[in-house]
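J.: Handing you this structure, nothing more for now.
The values are calculated or read from the model by the stated rules, or taken from the named source; none is laboratory data. Given the structure is predicted, the values throughout are model-derived calculations rather than measurements. Cβ: placed from backbone, ideal geometry, glycine included. Neighbour counts: every protein chain shown.
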Amino acid sequence: MSRLKEKIYRWLFTALAFSSLLFLVGIMAVLFKEGLPVFKEVSPANFIFGKSWYPTYSVPEFGILPLILASLWVTAGAVAVSVPLGIGSALYIHELAGKKQKAVLKPLIEMLAAIPSIVFGFFGMVVVAPFLQKVFAIPTGLCGLTASVVLGIMAIPTVSSLADDALGFVPRSFKEASYALGANRWQTLYKVVIPAAGSGISTAIILGMSRIVGETMTVLMVSGGAAVMPSSFLQPMRPLTSTIAAEMGEAAMGGTHYHALFAIGLVLFLITLVFNVAAEVISRRYRIKLGLNR
Amino acid sequence: MQNDKVPLSGKIKTAGKLKNKIVQNIGFIALFAAILITLFFLGSIIYFIASRGAGALSWEFITQGPRRAMTQGGVAPAIVGTLYLTLGAVLVALPLGLSTAIYLCEYSPGGLLVNIIRTSINNLAGVPSVVFGLFGLSVFVKLFGFGVSILSGSLTLGILILPGIISAAQEALIAVPRSIREASLALGATQWQTIRKTVLPAALPGILTGVILSIGRAAGETAPILFTAATFFSRGYPDSVFSETMALPYHIYALMTEGTHPVEQTAIAYGSSLLLLLLVLSVSAVAIYARQSQRSVYGH
Amino acid sequence: MDINPARISVENLNFYYGNKQALKNINLNIFEKKVTAIIGPSGCGKSTFIRLLNRMNDLVPGGRVEGSILLDGSDINAPEADVVDIRRRVGMVFQKPNPFAKSISQNISYGLELEGSRKKDFIERKIEESLKKAALWEEVKDRLDESALGLSGGQQQRLCIARCLAVEPEVILFDEPCASLDPISTKKIEELILELKKDYTIIIVTHNMQQAARVSDYTAFMYLGELVEFGHTEKVFTVPKEKRTEEYLSGKFG
């Protein structure tokens, strides 16, 4: 009797453990099933490289290049904000802060991570956008730059906490060896600790980028929403995520527009998949290099 | 061993020492600036929302529904909607997440299958939130016919927070010392008895912390419920899992982008943001505090 | 025998971890170009002691030093003393080999570049010279650009010694350098130490009494944070003055 029970539990947990795989496959299946029909209307090349996105015109056009470029611009801008601040913060917390400072700073960074994206978007709209509008004397503050700044702030905790983990894996003996050779703290940090944590830090950057590319509500609220080819950070943009969020409500179910939005979802999914796989490969190699796995 | 006739290669230059010190100071200042700027951002977000939102908060604001085309009244239905959605998401994710973690930590034989499961969890964690929304729309709203409803929204949010719950539960299970399991097994307990009676109780605080953190995440998410659960306005509270619902984060978005009375509605949006921020931050403060006290108990 | 002057004089040295006193009133001279071994059961404070000699214990939170450690007459803990300078003069080899995750040659050039030496031929010469002194050159000369982590444990430890030699210290501290090595690697390191004492003042912490007997000129026996006995190695091992030393050497405790 009890042996049967043991078997049942084992099978139950094994079966339920596959739920994540099931959902991941399900998401892919949905994106393909609902997204691919758009290619009956538009060729894949015209979809990806088409320069005009006019889904609701009487003769609609479904070129998502402006959306892809907008995502790239905004992501690049956000990386420029989050990487120096995130890694700088991690280095400060991990290497310079004392015990008491650490006990305060770490939770504060976690607090920043806990703030919902909608609140960041709202803050961007009512504080950052008007500020940048004034500074740059532009017609609207809702533009690529605002999106970059706000997304950059949002990604700081992601980059910082992952970089902090990576720094934690650097063996103490590396530091001791460097100090014993007469290196000062900065030299030890710059020449030993950072290179040793290098792959872990690149993982942090990649996952930060993945987070930024996939972020939806913030860009929807602050990027300005113009689906044109971006040529300046001070211009309104429409990244991939915000296009889906803004237009799904008005797209007729089963129409070309509807399928096009799913196809955008597919593109987005593939981009983040590449980031995540890259991050995993790098961090696995890194752990082996430092002799942590095995 | 060494040739004494070759003169030793000369003393190493020491003129660089002052330069080294200056470089070190510049470097440290830069790192300090980074954390300072980050804290400045955190501070200004909280300051702006708290100072401008505090005026909107009142008993009426959290107990009444919206009135007069959303220019007056409160956000009670949105609060209730967010609570339902969050609760539903946890009900979906907790059994699945806990089972997965138990399988991976207690039963898993290792090997290819486990690697596949781990990789799927990692990748699921990286899927953009709006893509979860697309999945929910296609599967729960359309295919299963649940419509735009609390049920569809909870299921979608549940999948979104699943990876977080799994990794929190895994961490909690791993932290349980091996000796506890061995002690139980040595007394003749079966594996499931060991898990249920010794491992899970020991891991419970850690698992709960993970659940609390996920509640914070689920309460603040907007994109997944955009097409699956949320509505701009409802007259009263939702009466079944099949009704659509207002939700705090969506409410903020709707007021700011689809509103017709910008001045009054921005004030309400500030109030709602402050409310959401209070909810999410207090929940995560509890989790952070709980985690720190657990750390000291386990001694690592 | 004591013709060589003392390079390091330790006077009335106490060390505390928080409230706990780890070293009690240590007085000791370290003589130029001799090997001094420090022996004693684990927990006796020998590692703590050796780490004070190049101020590695600065990194220990809550650590506090009393008394003086004079290096060529000046106190290394004095406010005007430069810790970087001290560590360059007093090098250290650790218990576990700790090469950086860099190439073999980068491991050695690291210390040179710290002070701004960038001349390529100088660095190359120093790499070869240091590896030769550490008796590693023949084994690695064809793979200087490969990762140091690919070397065996014994080779890694000799690389760490070479890395230390490259910055031209005057004193070298060995903190149980063979604790994680096999007997053959241990033998090589011991031979190396005997060779190095021609040019350097050496202090070695070891829990292996035979090793102390083989390599050292002087031996200090520590027990529970105190220096019990210090003298010529032969004398300490054959006619110890203190009863505790005799008991330890004959295996009654430790």
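J.: For segment B:236-243, state whether one or more residues are β-branched (V, I, T) and surrounded by 18 or more Cβ atoms within 10 Å (Cβ to Cβ).
T.: no
J.: On to the next question. Quick one: in segment B:220-278, which of the residues that are in a helix (DSSP H, G or I), more than 10 Å from every other protein chain (Cβ to nearest Cβ) and among the hydrophobic types (A, V, I, L, M, F, W, C) is farthest from B:G53 (Cα to Cα)?
T.: B:I225
J.: If I filter segment A:200-210 down to residues being surrounded by 22 or more Cβ atoms within 10 Å (Cβ to Cβ) and among the small types (G, A, S), which single residue comes out as farthest from the other protein chains (Cβ to nearest Cβ)?
T.: The extreme case among them is A:A204.
J.: Could you tell me which numbered condition A:E34 fails, if it satisfies all but one of (1) charged (D, E, K, R); (2) within 14 Å of chain B (Cβ to nearest Cβ); (3) surrounded by fewer than 20 Cβ atoms within 10 Å (Cβ to Cβ)?
T.: Condition not satisfied by A:E34: (3).
J.: Scanning segment A:159-189 for residues that are small (G, A, S) and facing chain C (nearest Cβ under 7 Å), which turns out nearest to the chain's Cα centre (by Cα)?
T.: The first filter runs over segment A:159-189 and keeps only residues small (G, A, S), leaving A:160-161, A:163, A:166, A:168, A:173, A:177-178, A:180, A:182-183.
This time we only want the ones that are facing chain C (nearest Cβ under 7 Å), so: A:173, A:177, A:180, A:182-183.
Working: A:S173: 34, A:A177: 37, A:A180: 40, A:G182: 40, A:A183: 37 Å.
For segment A:159-189, the residue satisfying everything is A:S173.
J.: Of the residues C:D85, C:D58, C:D75, only one is more than 14 Å from every other protein chain (Cβ to nearest Cβ) and free of Cβ contacts under 8 Å to residues at least 60 places away in the same chain; which? Step through it out loud before you land on a result.
T.: Details: C:D85 fails: more than 14 Å from every other protein chain (Cβ to nearest Cβ); C:D58 fails: more than 14 Å from every other protein chain (Cβ to nearest Cβ).
Just a single option satisfies the conditions, and that option is C:D75.
J.: Pull out all pairs, ordered by first then second residue, where Cβ-Cβ is under 7 Å, the residues are six or more apart or on different chains, the first lies in segment A:74-86 and is closer than 19 Å to A:V219 by Cα and more than 13 Å from chain B (Cβ to nearest Cβ), and the second is aromatic (F, W, Y) and surrounded by fewer than 24 Cβ atoms within 10 Å (Cβ to Cβ).
T.: Once the first residue is closer than 19 Å to A:V219 by Cα and more than 13 Å from chain B (Cβ to nearest Cβ) and sits in segment A:74-86, its partners that are aromatic (F, W, Y) and surrounded by fewer than 24 Cβ atoms within 10 Å (Cβ to Cβ) give A:G77/A:F233.
J.: Okay, next question. Could you check segment C:214-254 and list, in sequence order, the residues that are outside any strand (DSSP E or B), touching a residue at least 40 places away in the same chain (Cβ under 8 Å) and buried (at least 17 other Cβ atoms within 10 Å of the Cβ)?
T.: Of the residues in segment C:214-254, the ones outside any strand (DSSP E or B) are C:214-217, C:224-225, C:233-254.
Applying the additional criterion that residues be touching a residue at least 40 places away in the same chain (Cβ under 8 Å) yields C:215-217, C:224-225, C:233, C:248-249, C:253-254.
Correct list: C:V215, C:S216, C:D217, C:G225, C:T233, C:Y248, C:L249.
J.: Okay, moving on. Filter segment A:90-104 down to residues that are of a type in the set (A, V, I, L, M, F, W, C) and crowded, with 18+ Cβ neighbours inside 10 Å and give me whichever is nearest to the other protein chains (Cβ to nearest Cβ). So that I can check it myself, show each step before the final result.
T.: Within segment A:90-104, the subset of a type in the set (A, V, I, L, M, F, W, C) is A:90-91, A:93, A:96-97, A:103-104.
Now drop any that are not crowded, with 18+ Cβ neighbours inside 10 Å, which leaves A:90-91, A:93, A:97.
On the way: A:A90: 9, A:L91: 5, A:I93: 7, A:A97: 8 Å.
Going through the qualifying residues, I end up with A:L91.
J.: Can you say whether C:T206 is at negative phi and surrounded by fewer than 22 Cβ atoms within 10 Å (Cβ to Cβ), as far as the supplied structure shows? Reasoning before the result, please.
T.: Working: at negative phi: yes; surrounded by fewer than 22 Cβ atoms within 10 Å (Cβ to Cβ): no.
No.
J.: Of the residues B:G145, B:G136, which is surrounded by fewer than 18 Cβ atoms within 10 Å (Cβ to Cβ) and either outside any helix (DSSP H, G or I) or not β-branched (V, I, T) (or both)?
T.: Working: B:G136 fails: surrounded by fewer than 18 Cβ atoms within 10 Å (Cβ to Cβ).
Criteria check complete, one pass: B:G145.
J.: Oh, and also: Considering only residues that are more than 9 Å from chain A (Cβ to nearest Cβ) and either touching a Phe, Trp or Tyr at 6+ places or on another chain (Cβ under 8 Å) or surrounded by 14 or more Cβ atoms within 10 Å (Cβ to Cβ) (or both), which ones fall in segment B:18-35? Give the derivation first.
T.: As a first pass, look at segment B:18-35 and keep what is more than 9 Å from chain A (Cβ to nearest Cβ): B:18-19, B:22, B:29.
Those that are more than 9 Å from chain A (Cβ to nearest Cβ) and either touching a Phe, Trp or Tyr at 6+ places or on another chain (Cβ under 8 Å) or surrounded by 14 or more Cβ atoms within 10 Å (Cβ to Cβ) (or both): none in segment B:18-35.
J.: Limited to segment A:190-199, what total is found for residues that are over 28 Å from the mean Cα position of the chain (by Cα) and either buried (at least 24 other Cβ atoms within 10 Å of the Cβ) or acidic (D, E) (or both)?
T.: 0
J.: Just for strands (runs of 3 or more DSSP E) wholly inside segment C:1-94: which have at least 2 residues that are more than 18 Å from the chain's Cα centre (by Cα) and surrounded by fewer than 17 Cβ atoms within 10 Å (Cβ to Cβ)?
T.: In segment C:1-94, C:6-17, C:20-31, C:63-71 are the strands (runs of 3 or more DSSP E) which contain 2 or more residues that are more than 18 Å from the chain's Cα centre (by Cα) and surrounded by fewer than 17 Cβ atoms within 10 Å (Cβ to Cβ).
J.: State whether one or more residues within segment A:143-163 are surrounded by fewer than 23 Cβ atoms within 10 Å (Cβ to Cβ) and either outside any helix (DSSP H, G or I) or charged (D, E, K, R) (or both).
T.: no
J.: For A:V213, all conditions in the list (1) in contact with a Leu (Cβ under 8 Å, 6 or more places away or on another chain); (2) part of a helix (DSSP H, G or I); (3) more than 10 Å from chain B (Cβ to nearest Cβ) hold save one; what is the number of the exception?
T.: So A:V213 meets the others, but not (3).
J.: Now a separate question. Can you tell me which of B:S120, B:S154, B:S179 is small (G, A, S), assigned to a helix (DSSP H, G or I) and at the interface with chain A (Cβ under 9 Å from one of its Cβ atoms)?
T.: Going through B:S120, B:S154, B:S179 in turn, the sole match is B:S120.
J.: Would you please name the residue that is nearest to the other protein chains (Cβ to nearest Cβ), looking only at residues in segment C:42-55 that are within 23 Å of C:A162 (Cβ to Cβ) and in contact with an Asp or Glu (Cβ under 9 Å, 6 or more places away or on another chain)?
T.: Filtering segment C:42-55 for residues that are within 23 Å of C:A162 (Cβ to Cβ) and in contact with an Asp or Glu (Cβ under 9 Å, 6 or more places away or on another chain), the one nearest to the other protein chains (Cβ to nearest Cβ) comes out as C:R51.
J.: Right, here's the next one. Exactly one condition in (1) assigned to a helix (DSSP H, G or I); (2) over 30 Å from B:S152 (Cβ atoms); (3) within 13 Å of chain A (Cβ to nearest Cβ) is not met by B:A189; state its number.
T.: (1)
J.: Considering only residues that are part of a helix (DSSP H, G or I) and not polar (S, T, N, Q), which ones fall in segment A:132-142?
T.: Of the residues in segment A:132-142, the ones part of a helix (DSSP H, G or I) are A:132-136.
Those that are part of a helix (DSSP H, G or I) and not polar (S, T, N, Q): A:L132, A:K134, A:V135, A:F136.
J.: So B:W192 ticks every box in (1) farther than 21 Å from B:A89 by Cα; (2) out of contact with any Asp or Glu (no Cβ under 7 Å at 6 or more places or on another chain) but one. Which box is left unticked?
T.: Among (1) farther than 21 Å from B:A89 by Cα; (2) out of contact with any Asp or Glu (no Cβ under 7 Å at 6 or more places or on another chain), B:W192 violates only (2).
J.: Spot the failing condition for C:C160; the list is (1) at pLDDT 90 or above; (2) within 14 Å of chain A (Cβ to nearest Cβ); (3) assigned to a loop (DSSP other than H, G, I, E, B), and only one is missed.
T.: Evaluating C:C160 over (1) at pLDDT 90 or above; (2) within 14 Å of chain A (Cβ to nearest Cβ); (3) assigned to a loop (DSSP other than H, G, I, E, B) leaves (3) as the failure.
J.: Considering only segment C:95-110, state which residues are at the interface with chain A (Cβ under 8 Å from one of its Cβ atoms) and not in a helix (DSSP H, G or I). Reasoning before the result, please.
T.: The initial filter retains those residues of segment C:95-110 that are at the interface with chain A (Cβ under 8 Å from one of its Cβ atoms), namely C:96, C:98-102, C:110.
Residues satisfying the conditions are C:K96, C:N98, C:P99, C:F100, C:A101, C:K102.
J.: Which residue, of C:E176, C:E246, C:E234, C:E168, is among the charged types (D, E, K, R) and within 13 Å of the chain's Cα centre (by Cα)?
T.: Details: C:E246 fails: within 13 Å of the chain's Cα centre (by Cα); C:E234 fails: within 13 Å of the chain's Cα centre (by Cα); C:E168 fails: within 13 Å of the chain's Cα centre (by Cα).
The unique qualifying residue is C:E176.
J.: Can you say whether A:P139 is closer than 25 Å to B:L278 by Cβ and either surrounded by fewer than 22 Cβ atoms within 10 Å (Cβ to Cβ) or more than 10 Å from chain B (Cβ to nearest Cβ) (or both), as far as the supplied structure shows? So that I can check it myself, show each step before the final result.
T.: Details: closer than 25 Å to B:L278 by Cβ: no; either surrounded by fewer than 22 Cβ atoms within 10 Å (Cβ to Cβ) or more than 10 Å from chain B (Cβ to nearest Cβ) (or both): yes.
Here the answer is no, as A:P139 does not meet what is asked.
J.: Something else about it: Any residue that is more than 30 Å from C:S147 (Cβ to Cβ) and in contact with an Asp or Glu (Cβ under 6 Å, 6 or more places away or on another chain) - is there at least one of those in segment C:8-26?
T.: Checked segment C:8-26: at least one residue is more than 30 Å from C:S147 (Cβ to Cβ) and in contact with an Asp or Glu (Cβ under 6 Å, 6 or more places away or on another chain).
J.: Go through (1) closer than 19 Å to C:S216 by Cβ; (2) of a type in the set (A, V, I, L, M); (3) in contact (Cβ under 8 Å) with a residue 40 or more places away in the chain and name the single condition C:A6 misses.
T.: (3)
J.: Only one residue in A:V192, A:V228 is more than 13 Å from chain B (Cβ to nearest Cβ) and outside any loop (DSSP other than H, G, I, E, B). Which one? Walk me through how you get there before you give the answer.
T.: On the way: A:V228 fails: outside any loop (DSSP other than H, G, I, E, B).
Of A:V192, A:V228, the one residue that is more than 13 Å from chain B (Cβ to nearest Cβ) and outside any loop (DSSP other than H, G, I, E, B) is A:V192.
J.: While we're on this one: Please list, ordered by first then second residue, the pairs with beta carbon atoms under 8 Å, 6 or more apart or interchain, first in segment C:116-133 and more than 10 Å from chain B (Cβ to nearest Cβ), second modelled with pLDDT of 90 or more and assigned to a loop (DSSP other than H, G, I, E, B).
T.: C:I127/C:L144
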